[in-house]
Amino acid sequence: MLIRVPSASRCSSADITPESVYLSRRRFMAASGAGLALGALPGVAFAQDVSPYEVPVPAEQPTWFTEKLPGVQWRAVVPVDEAITPFEDATHYNNFYEFGPDKGDPAEHADAMDIEPWTVQIDGAVEKPGTYSVADLVQPHRLEERIYRLRCVEAWSMVIPWLGFPLGELIRRAGPTGGAKYVAFETAVLPEVMPAVDSRFSLIDWPYREGLRIDEAMHPLTILAVGMYGRILEEQNGAPMRLVVPWKYGFKSIKSIVRLSLVEEQPYTTWQNLAPEEYGFYANVNPNVDHPRWTQARERRLPANLFSTNVRDTLMFNGYADEVASLYQGMDLAKFY
Ligand code: MTE
């Protein structure tokens, strides 16, 4: 993200249509009786070692996660009517700069991260500050599957089935007080497993930090994800808990969160601080406002390759305009990019 647009040849998969994923999804839907409509599908049976997407499930998944699976609300929110990105691409073409600058670095290094147990500090303008285990944070919530487009500012995109719960529910439980105008997030800094956080050559002032306005954080589309493809989140995708804000460029969706603060002022955010003329605080997906060095009007849907670039038009607010455009009424989106 710093200085380059990724080239098509860096993608690993050759196929445009992720047929196996599509088929297994259809099989899953048939087996579970799911239609495309909104609605709950409790009690989906799980094979022991594969998820409903027929992707491998780790031998050990934490009980705080597995005990939630029978109650998952599958396909909560109208799903994207586009092919789901193969699991292999979603887990091997990543940005997680703490583990290195290349797309393959996170998959190579991140499983050295010890995510169990994991705690998240909640502080600032809340009635119930404290340090909570992920298990405790997830426990009161029903997990929902959200199949969202993910549009990176680098102009590639994917469609990923996340498992999580609305961030707004957690904020409500923490009891925001009058000063809660923004939410600030921080990622773990683990020098023993994250090569970049100790590097003298890194341009980023760690921890990786992100932020949202409180109404964006409370929006029902904004989730904290703990799983993907019907199984636990992979480390390279931000285990054990990450943010997913589908109408914003991917860099807002901060991974492996250890701190969440409700604050009065617009918080420091990593990319805005590094290159404010290139990356804004809002970072709403907007085909009409180009990055200074490339167009944002189009995107490469992964997997893609030199022969099939799989380029498509980028949608305003990444296709979620009906749900979120009102949050920005009256704002000049070219100025507040
Ligand atoms: N979170 C942290 N802590 N570090 C990062 O480097 N990269 C961001 C975001 N969250 C990043 C991060 C960017 S640029 C993108 S596009 C998404 O994660 C990518 O998420 P994915 O690898 O799960 O597709």
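In this structure, residue 199 does satisfy being open to solvent by 10 Å² or more (accessible area, probe 1.4 Å) and either free of Cβ contacts under 8 Å to residues at least 12 places away in the same chain or within 30 Å of residue 79 (Cβ to Cβ) (or both).
State yes or no: is residue 250 of a type outside the set (Phe, Trp, Tyr), under 22 Å from residue 312 (Cα atoms) and within 10 Å of the ligand (Cβ to nearest atom)?
yes
Within segment 194-204, being more than 13 Å from the ligand (Cβ to nearest atom) and either within 21 Å of residue 275 (Cβ to Cβ) or of a type in the set (A, V, I, L, M, F, W, C) (or both) holds for 199, 200, 201. Looking only at segment 270-279, which residues are more than 11 Å from the ligand (Cβ to nearest atom) and either in contact with a Phe, Trp or Tyr (Cβ under 8 Å, 6 or more places away or on another chain) or at pLDDT below 95 (or both)? Matches in segment 270-279: 272, 278. The residues listed here are 169, 88, 82, 116; of these, the one that is touching a strand residue (DSSP E or B) at 6+ places or on another chain (Cβ under 7 Å), open to solvent by 20 Å² or more (accessible area, probe 1.4 Å), away from the ligand (no atom under 12 Å from the Cβ) and touching a residue at least 24 places away in the same chain (Cβ under 8 Å) is 82. Within segment 268-292, restricting attention to residues that are part of a helix (DSSP H, G or I) and open to solvent by less than 40 Å² (accessible area, probe 1.4 Å), the residue that is farthest from residue 314 (Cα to Cα) is 270. If you go through segment 302-337 and keep only what is more than 24 Å from residue 218 (Cβ to Cβ), part of a loop (DSSP other than H, G, I, E, B) and aliphatic (A, V, I, L, M), you end up with 302, 304, 306, 334.
When 107, 155 are screened for being near the ligand (Cβ under 10 Å from one of its atoms) and farther than 16 Å from residue 243 by Cα, only 107 passes.
Can you tell me which residue among 309, 295 is surrounded by fewer than 16 Cβ atoms within 10 Å (Cβ to Cβ), hydroxyl-bearing (Ser, Thr, Tyr) and within 23 Å of the chain's Cα centre (by Cα)? Give the derivation first.
Working: 309 fails: within 23 Å of the chain's Cα centre (by Cα).
Exactly one of 309, 295 is surrounded by fewer than 16 Cβ atoms within 10 Å (Cβ to Cβ), hydroxyl-bearing (Ser, Thr, Tyr) and within 23 Å of the chain's Cα centre (by Cα), namely 295.
The values are calculated or read from the model by the stated rules, or taken from the named source; none is laboratory data. Keep in mind that what you see is a predicted model, and the values were worked out from it rather than measured. Counting neighbours? That spans all protein chains shown, and the Cβs are built from the backbone with ideal geometry, glycine included. For the accessible areas, the whole protein counts, side chains as well, though only heavy atoms, and no ligand, DNA or RNA atoms are used. Shrake-Rupley method; radii C 1.70, N 1.55, O 1.52, S 1.80 Å.
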